[in-house]
1. Any residue at all in region 488-498 that's more than 21 Å from residue 455 (Cβ to Cβ) and crowded, with 19+ Cβ neighbours inside 10 Å?
2. When you check residue 62 against the structure, is it out of contact with any His (no Cβ under 6 Å at 6 or more places or on another chain) and either at negative phi or part of a helix (DSSP H, G or I) (or both), yes or no?
3. Are any residues in region 534-572 within 20 Å of residue 19 (Cβ to Cβ), assigned to a helix (DSSP H, G or I) and out of contact with any helix residue (DSSP H, G or I) (no Cβ under 6 Å at 6 or more places or on another chain), and if so, which ones?
4. If you go through region 571-580 one residue at a time, do you hit one that is out of contact with any Phe, Trp or Tyr (no Cβ under 8 Å at 6 or more places or on another chain) and touching a residue at least 12 places away in the same chain (Cβ under 8 Å)?
5. How many residues are assigned to a helix (DSSP H, G or I), surrounded by fewer than 20 Cβ atoms within 10 Å (Cβ to Cβ) and of a type outside the set (A, V, I, L, M) if we restrict to region 376-402?
6. Taking the options 443, 438, name whichever one is within 28 Å of residue 65 (Cβ to Cβ) and free of Cβ contacts under 8 Å to residues at least 40 places away in the same chain.
7. If residue 369 passes every condition in (1) part of a helix (DSSP H, G or I); (2) out of contact with any His (no Cβ under 9 Å at 6 or more places or on another chain) but one, which one does it miss?
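The values are calculated or read from the model by the stated rules, or taken from the named source; none is laboratory data. The model shown is predicted, which means the values in this text are computed figures rather than measured ones. Quick reminder, even Gly has a Cβ in these numbers, built from the backbone with ideal geometry, and neighbours come from all protein chains shown.
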Amino acid sequence: MLVYSPPLRDARFVVEEVLDYDAHLDALDTDFEADVDLMTAIMEEAGKFAEQEVAPLYRIGDTEGCRLENGNVKTPTGFAEAYAKFTENGWSSISGDPDFGGQGLPASFGTAVSEFMATANWAWTMYPVLSHGALETINRHGSMEQKQKFLGPLISGDWTGTMCLTEPQCGTDLGLVRTRAEPNADGSYAITGSKIFISCGDHDLAENIVHIVLARLPGAPKGTKGISLFIVPKFNVDDEGSVTDRNGVVCSSLEEKHGIHGSSTCVLNFDQARGFLIGPENRGLACMFTFMNVARLGVAQQGVAHAERAYQGSLAYARERLQMRAAEGAHHPERAADPIIVHPDVRRMLLTQRAVAEGGRCLVLHCAKLVDTVETSADPEMRRAADAMLSLLTPIAKAFLTEAGYEAASYGVQIFGGHGYISEWGMEQNLRDARISTLYEGTTGIQALDLLGRKILLDGGAALGSFIDEIQSFCRTHAGTKNLGGLLQTLHMKCDDWRKLTQEIAVVAQADPNEVGAASVDYLMYSGYVTLSFFWAKSAVAAQQALDAGSTELSFYKGKLATARFCFEKLLPRTLSLAASIQSGSDSLMEIGEDEFAA
């Protein structure tokens, strides 16, 4: 069974040396004192909690799963107790608004903490993580009365939150939502309808669950322009904020799932449930995207978590498992065979896992910096620029890191061979748990359409141009770094190719609208490999600078340089085949008739 160890040294490297969090935190316009020393101290304590309290529940959650008893969900053994300790220790309130009981630290502090919990046990971590989206939605769009009633318990973790969007007849196309909201005489609404695939929709961890629900008001326009957003608690709440009677929302069934068995995925039936309009009428989708964007960055971190878990387990196994001899001769002649880590193909898989986990950690924490800036900077231009960059990077982070994280998890099974397919090692569970990450909060295809169709082509590539300029500026600035000139030149040239490829797509899309859909997923993965390589270039420069300064951590920094080289020589070239696929156009996809698929 895999034993999880929080990657604290690498996390410190990212925040201290690669992303310069000290300068970032100094630039924030806040009333609190926050620096890297505080951040690393918090990460160390979070790592201990994840390792000692959350990780031991990993297998238990998978084997026991959740169960439904009389309309109430019971979580696996130990889940509720660990959650109680989590809230008692203040982990849920780290980035919460101090006016409502939070600690007021930047959002990035919570992001750093969440990774350790996510890697230790993603199914358990979903319960507290999902509350952040509900909390942010109420904080940004709710009335003061709603904030005073709901934010405090959500920040403390006494209550949790969900997002109720999907219905049996609609998934991504939310214009098909049928759930109704009828006005009550007291200003509330009676919510009626069914929602499916609701993660953590019911459980026994918290006193109350605050559902954020999409529904239609009477006479609302058809389609997406007629959807409103509502707060619907599991238990009603009085004017003093105390929980009262059960509301008209019940879990009618639990989904039987491929993975994340410890997380309850519910069918929720709303029967005249008392709810409260949040935001303007018929503007629910716009308000909902506050929740969705928070959730998408959380899922991006899930990709990192599965890659990290796969890497830790695979590395330990590859060092011990004996199989054949190294091609150049025995590395360990005193043993019956060499450990499989000597073999090039095993190293290929290990280095892919490492490149995704550590490079992905950089990308997620970089996005967290942008969130900090959007939320706290006093400079409107800095907020605007950060928001535009975050908008561009969110679909890349969500879709690319989950696809790459799933690949890394699959390599975990492969490195273990037959043992990887056996439950006791934890690799097959990691693979099953990882699969959902490419689906929820928008599939890879949806993220790709969002990236290419909305975030790039609609604004004429302005945000992409800014990001490419940032990458190329970095390459020029550090071109003289010892041993890294060729690597940085490669990245600079690849950015030129990225810009040119984007322009080519824009031209052909004007003649054929199918070209965007045909190119979008390949384009997103292309963007992901360039972005990943950028953060490995930043890591390599930081590592070389540390070595030049006389660091004695030779293995750590040389390992960074070696992994960066692997990323550039084995992963970045995948963009060549992706570009060829993009440039082949949509004809081979669209020429087959609908009836001919079954012929």
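1. Taking region 488-498 as the starting set, the residues that turn out to be more than 21 Å from residue 455 (Cβ to Cβ) are 488-493.
Adding the requirement that they be crowded, with 19+ Cβ neighbours inside 10 Å leaves 488, 491.
Checked region 488-498: at least one residue is more than 21 Å from residue 455 (Cβ to Cβ) and crowded, with 19+ Cβ neighbours inside 10 Å.
2. Values: out of contact with any His (no Cβ under 6 Å at 6 or more places or on another chain): no; either at negative phi or part of a helix (DSSP H, G or I) (or both): yes.
No.
3. If the condition is that a residue be within 20 Å of residue 19 (Cβ to Cβ), assigned to a helix (DSSP H, G or I) and out of contact with any helix residue (DSSP H, G or I) (no Cβ under 6 Å at 6 or more places or on another chain), then 541, 544, 545, 548, 556, 559 are the ones that fit.
4. Taking every residue of region 571-580 in turn, none turns out to be out of contact with any Phe, Trp or Tyr (no Cβ under 8 Å at 6 or more places or on another chain) and touching a residue at least 12 places away in the same chain (Cβ under 8 Å).
5. Qualifying residue count for the region: 7.
6. 438
7. Single failed check for residue 369: (2).
Here is a yes/no grid of residues against (1) part of a strand (DSSP E or B); (2) modelled with pLDDT of 95 or more:
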{"residue": "182", "(1), (2)": "yes, yes"}
{"residue": "191", "(1), (2)": "yes, yes"}
{"residue": "202", "(1), (2)": "no, yes"}
{"residue": "212", "(1), (2)": "yes, yes"}
{"residue": "239", "(1), (2)": "no, no"}
